[in-house]
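Undergrad: One structure, pasted below without further comment.
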């Protein structure tokens, strides 16, 4: 382990994040217990991941690749781990591994991947949960589906992919919005409003809105996020 890693107090970081979530949610009239914290562990060594799990973290988010596959056996044996989510850009050649070894894919935005997820889930007799990656902004290169595409995807899944279940949506705030907190807040509020409109289309008792990361999770929670993806605020700098 590097000297830098040894100097990072993951437990204190995690507890501070949880304090902020509790305080922010309560002030915004949301139940803090309804908010899921996904600790994003890409390029974080297992010692820091275990420290976060020891401190109470229950869900981690990873990008499927060689690094994650090496860490997986050690992470999976931890008694506090409840779920592993796939975050980041989804690749076709990673779908089978994701479905077999992880609990939810957060970043689905292509029908090709829907088809592969459905096929892999059928092979193991499983209904596999996903989030659709959306982007309801007006930036030139959106990182996700627009509202019409999202609605169409949900309908297509109901009609064609019986082994896939949409649990909700995930979004990433455009980088240019991070520079203006008012614009950022409007983006999160708009996403929440569209999410509310989509809920009746979702066949789930616990619809999830995954919105907010280390730099903006407080505002995201104020605007109604039910799931936040937090990396550096818990684990410190990546390797």
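Undergrad: Please enumerate the residues belonging to segment 33-54 that are assigned to a loop (DSSP other than H, G, I, E, B) and within 17 Å of residue 226 (Cα to Cα).
TA: First, pick out the residues of segment 33-54 that are assigned to a loop (DSSP other than H, G, I, E, B): 35, 41-45.
Result: 35, single match.
Undergrad: Evaluate the following for residue 61: is it surrounded by 15 or more Cβ atoms within 10 Å (Cβ to Cβ), modelled with pLDDT under 95, in contact with a strand residue (DSSP E or B) (Cβ under 9 Å, 6 or more places away or on another chain) and under 25 Å from residue 17 (Cβ atoms)? Walk me through how you get there before you give the answer.
TA: Working: surrounded by 15 or more Cβ atoms within 10 Å (Cβ to Cβ): yes; modelled with pLDDT under 95: no; in contact with a strand residue (DSSP E or B) (Cβ under 9 Å, 6 or more places away or on another chain): yes; under 25 Å from residue 17 (Cβ atoms): yes.
No.
Undergrad: A further question on this structure: Residue check, residue 97 against (1) surrounded by fewer than 20 Cβ atoms within 10 Å (Cβ to Cβ); (2) touching a residue at least 12 places away in the same chain (Cβ under 8 Å); (3) not in a helix (DSSP H, G or I), all met but one. Which one?
TA: So residue 97 meets the others, but not (3).
Undergrad: When residues of segment 60-78 are filtered for being in contact (Cβ under 8 Å) with a residue 24 or more places away in the chain, outside any helix (DSSP H, G or I) and over 21 Å from residue 226 (Cβ atoms), how many remain?
TA: Matching residues across segment 60-78 total 4.
Undergrad: Here's something else I'd like to know. For segment 12-35, enumerate the residues that are out of contact with any helix residue (DSSP H, G or I) (no Cβ under 6 Å at 6 or more places or on another chain), more than 20 Å from residue 55 (Cα to Cα) and surrounded by fewer than 17 Cβ atoms within 10 Å (Cβ to Cβ).
TA: Of everything in segment 12-35, those that are out of contact with any helix residue (DSSP H, G or I) (no Cβ under 6 Å at 6 or more places or on another chain), more than 20 Å from residue 55 (Cα to Cα) and surrounded by fewer than 17 Cβ atoms within 10 Å (Cβ to Cβ) turn out to be 26, 27, 29, 31.
Undergrad: Moving on. Of the residues 126, 167, 119, only one is more than 19 Å from the chain's Cα centre (by Cα), within 18 Å of residue 90 (Cβ to Cβ), at pLDDT 95 or above and not in a helix (DSSP H, G or I); which? Steps first, please.
TA: On the way: 167 fails: more than 19 Å from the chain's Cα centre (by Cα); 119 fails: not in a helix (DSSP H, G or I).
Just one listed residue meets the conditions, 126.
Undergrad: Do we find that residue 57 is closer than 23 Å to residue 171 by Cβ, touching a helix residue (DSSP H, G or I) at 6+ places or on another chain (Cβ under 7 Å) and part of a helix (DSSP H, G or I) in this structure? Talk me through it step by step, then tell me what you get.
TA: Numbers: closer than 23 Å to residue 171 by Cβ: yes; touching a helix residue (DSSP H, G or I) at 6+ places or on another chain (Cβ under 7 Å): yes; part of a helix (DSSP H, G or I): no.
Considered against the rule, which asks whether it is closer than 23 Å to residue 171 by Cβ, touching a helix residue (DSSP H, G or I) at 6+ places or on another chain (Cβ under 7 Å) and part of a helix (DSSP H, G or I), residue 57 comes out as no.
Undergrad: Can you tell me which residue among 158, 203 is touching a helix residue (DSSP H, G or I) at 6+ places or on another chain (Cβ under 9 Å), more than 28 Å from residue 15 (Cα to Cα) and in a helix (DSSP H, G or I)?
TA: Of the residues listed, the single one that is touching a helix residue (DSSP H, G or I) at 6+ places or on another chain (Cβ under 9 Å), more than 28 Å from residue 15 (Cα to Cα) and in a helix (DSSP H, G or I) is 158.
The values are calculated or read from the model by the stated rules, or taken from the named source; none is laboratory data. Every value quoted in this text rests on a predicted model; they were computed, and no experiment measured them. No Cβ is skipped: glycine too gets one built from the backbone with ideal geometry, and neighbour counts run over all protein chains shown.
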